[in-house]
Amino acid sequence: MPAEFADLRDEVRDFIRQELDAGSWTPQVDSWHTAWDEEFSKRLAQRGWLGMTVPRELGGHGLSALARYVVTEELLAAGAPVAAHWISDRQVAPSLVRFGTTLQKKRYLPLLVAGEVFFAIGMSEPDSGSDLASIRTRAVATEGGWLISGTKVWTTGAHLAGAMIVLARTSTRDDSDRHAGLSQFIVETSLPGVAIRPIRLLSGGHHFNEVVLDNVFVPREMVLGRVGDGWHQVTSELAFERSGPERYLSTFPLYVDLLTVGSDKGSGADRSAEVGQLFAQLWTLRQMSLGVAGALDSGAAPNVAAAVVKDIGTRFESEVIEVAQRLVDRDPDRAGDAYERHLAEAILQAPGFTLRGGANEILRGIIAKEVGLR
């Protein structure tokens, strides 16, 4: 990390310290996915920490991906409530910058940068799993626009978001090119025909949703990019989604607890070895993730490197939980102290770590294909 960002890091840490001292929020595991706080997002926006990489002429701050990395890394390490703006800032804003029309950029980017509107992503579908090429949501051309029908699932934050980027099929599937005929649309969640239903966790928590689109009319000007280029656009977004510090810092608050909490089950040497091994993995993942951020800064599309970070990073997050349970004789308790609460949160969220952003098995297939092992 270039030394020029030291002042920015100190500024973010001071802000977090002030927030915690004021009791504005409580640190959480997996905060980028589950801790939705629109007022917190707006406070970040006021400091210039949303839309950091959006060009100034489009209402952003014109900073580098590495500058944004510093901010997001500190927020995630602190377990800050960043879920409201996370998807909008991470992948929707870059997609609008790259593929959006002048109208779309003027309409949405200033709102995203100000924390005034939040987006969800409509990709996954029932029975499709990680195979996006098999989606069945259809967009049929009509006068002045498109009629979209289909169902999206695991749509994080859709019940609170103002709009979604929806991937739909705009032409008949061609088995000789399964990736052809897909397009992206900006769909505002208030449109007639959009129904959002909660998918609740066993704990009762709610951040996932099923979104049903029933002949939703989307104006022609709300096509994102070019009709038929949806696959290319989606895969270009995935490098942003798969490679960030959220792929190895979701359980970081639990790891910090592990450094200090008592009641260990093994010897001090055993504990030091296991905690130290986790740290070595963490540092390696950070270097890999920073490498992808640097590549994105230079305009590259490091899709395979991003897939590697996601695969290894999400397995590391689960290893933190396993080590915590092995070393500390404490039960998970969402009403307990910080360690017990973070352990409970981590266990509840862990089943999704290796699924969101593409199942790890799918990612390994992508990696193998690209490096010529198939």
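Can you find a residue that is buried (at least 24 other Cβ atoms within 10 Å of the Cβ) and more than 21 Å from the chain's Cα centre (by Cα) anywhere in the range 108-131? Within the range 108-131 (the criterion being buried (at least 24 other Cβ atoms within 10 Å of the Cβ) and more than 21 Å from the chain's Cα centre (by Cα)), the answer is no, since none of the residues qualifies. Within the option set Ser134, Ser149, being at pLDDT 95 or above and in the same structural domain as Phe217 (by TED's automatic domain parsing) holds for one residue only, Ser149.
When each of Ser250, Ser190, Ser236 is tested for being surrounded by fewer than 24 Cβ atoms within 10 Å (Cβ to Cβ), of a type outside the set (Val, Ile, Thr), more than 22 Å from Pro126 (Cβ to Cβ) and under 17 Å from the mean Cα position of the chain (by Cα), the lone residue that passes is Ser236.
Among the candidates Ala280, Ala324, the residue that is small (Gly, Ala, Ser), buried (at least 20 other Cβ atoms within 10 Å of the Cβ), over 30 Å from Ser95 (Cα atoms) and over 23 Å from the mean Cα position of the chain (by Cα) is uniquely Ala324.
Has the range 94-102 got at least one residue that is part of a helix (DSSP H, G or I), of a type in the set (Val, Ile, Thr), under 14 Å from the mean Cα position of the chain (by Cα) and under 30 Å from Pro2 (Cα atoms)? Among the residues of the range 94-102, not one is part of a helix (DSSP H, G or I), of a type in the set (Val, Ile, Thr), under 14 Å from the mean Cα position of the chain (by Cα) and under 30 Å from Pro2 (Cα atoms), which makes the answer no.
Each row is one residue, and each column tells you yes or no for (1) over 20 Å from Gln233 (Cβ atoms); (2) touching a helix residue (DSSP H, G or I) at 6+ places or on another chain (Cβ under 8 Å).
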| site | (1), (2) |
| --- | --- |
| Arg138 | no, no |
| Thr142 | yes, no |
| Ile148 | no, no |
| Thr151 | yes, no |
| Thr155 | no, no |
| Leu160 | yes, yes |
| Thr170 | no, yes |
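Picking from residues in the range 96-114 that are modelled with pLDDT of 95 or more and basic (Lys, Arg), the one that is nearest to Trp231 (Cα to Cα) is Lys105.
Would you list the helices (runs of 4 or more DSSP H) that sit entirely within the range 296-370 and hold 2 or more residues that are closer than 25 Å to Gly276 by Cα, among the aliphatic types (A, V, I, L, M) and modelled with pLDDT of 75 or more?
On the way: elements: 303-327, 338-353, 360-370.
Once the helices (runs of 4 or more DSSP H) in the range 296-370 are filtered for at least 2 residues that are closer than 25 Å to Gly276 by Cα, among the aliphatic types (A, V, I, L, M) and modelled with pLDDT of 75 or more, what remains is 303-327, 338-353.
For the range 115-131, enumerate the residues that are part of a loop (DSSP other than H, G, I, E, B) and either modelled with pLDDT under 95 or on the phi < 0 side of the Ramachandran plot (or both). Hits for the range 115-131 are Glu116, Val117, Phe118, Met123, Ser124, Glu125, Pro126, Asp127, Ser128, Gly129, Ser130, Asp131. Residues that are surrounded by fewer than 20 Cβ atoms within 10 Å (Cβ to Cβ) and within 20 Å of Phe208 (Cα to Cα) do occur in the range 161-175, at least one of them.
The values are calculated or read from the model by the stated rules, or taken from the named source; none is laboratory data. Quantities reported herein were computed from a predicted structural model and do not represent experimental measurements. Neighbour counts are summed over all protein chains in view; Cβ atoms, including those assigned to glycine, are modelled from backbone coordinates with ideal geometry.
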